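*Asks:* Please read through the structure below; I'll follow up with questions.
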Amino acid sequence: MARIYAETTIPSFYFDVRPAVEMVARQNWTRRWFDAALKSSDELVTSLAVEADWWNGDYPSRPEAMNLIAGLPPLGSRRSRGRGG
């Protein structure tokens, strides 16, 4: 099992609303990757720094982004180490 770190750009691209073809492609790729990672046996973690970036920023998708990462244990927490790391 691998430990995968979801940093700030993951929720950012997951909920990106820019219409440029490249951004739509990046959003689709991010969504496929993240959704697959959640279903895998790998451990998906984030950090308190990522949460702080989202809480302190002025982002239109903040509620959705915070909800996306809410279930991920912070890197280095007992909860993340307990899953096989």
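The values are calculated or read from the model by the stated rules, or taken from the named source; none is laboratory data. Only a predicted model underlies this, so the values are computations on that prediction, with no experimental measurement involved. Heads up, the Cβs are rebuilt from the backbone with ideal geometry, glycines too, and the neighbour counts pull from every protein chain shown.
*Asks:* Please go through the stretch 49-63 and pick out each residue that is farther than 14 Å from Y14 by Cβ and of a type in the set (A, V, I, L, M, F, W, C).
*Replies:* A49, A52, W55
*Asks:* Still on this model: Has the stretch 54-74 got any residue that is modelled with pLDDT of 95 or more, surrounded by 11 or more Cβ atoms within 10 Å (Cβ to Cβ) and hydroxyl-bearing (S, T, Y)?
*Replies:* Looking through the stretch 54-74, none of the residues is modelled with pLDDT of 95 or more, surrounded by 11 or more Cβ atoms within 10 Å (Cβ to Cβ) and hydroxyl-bearing (S, T, Y).
*Asks:* Something else now. Considering only residues of the stretch 1-17 that are in a loop (DSSP other than H, G, I, E, B), without any contact (Cβ under 8 Å) to a residue 60 or more places away in the chain and surrounded by 11 or more Cβ atoms within 10 Å (Cβ to Cβ), which is farthest from the chain's Cα centre (by Cα)?
*Replies:* A2
*Asks:* Specify which of the listed residues (A37, A65, A49) is outside any loop (DSSP other than H, G, I, E, B) and either at positive phi or more than 11 Å from the chain's Cα centre (by Cα) (or both).
*Replies:* Criteria check complete, one pass: A49.
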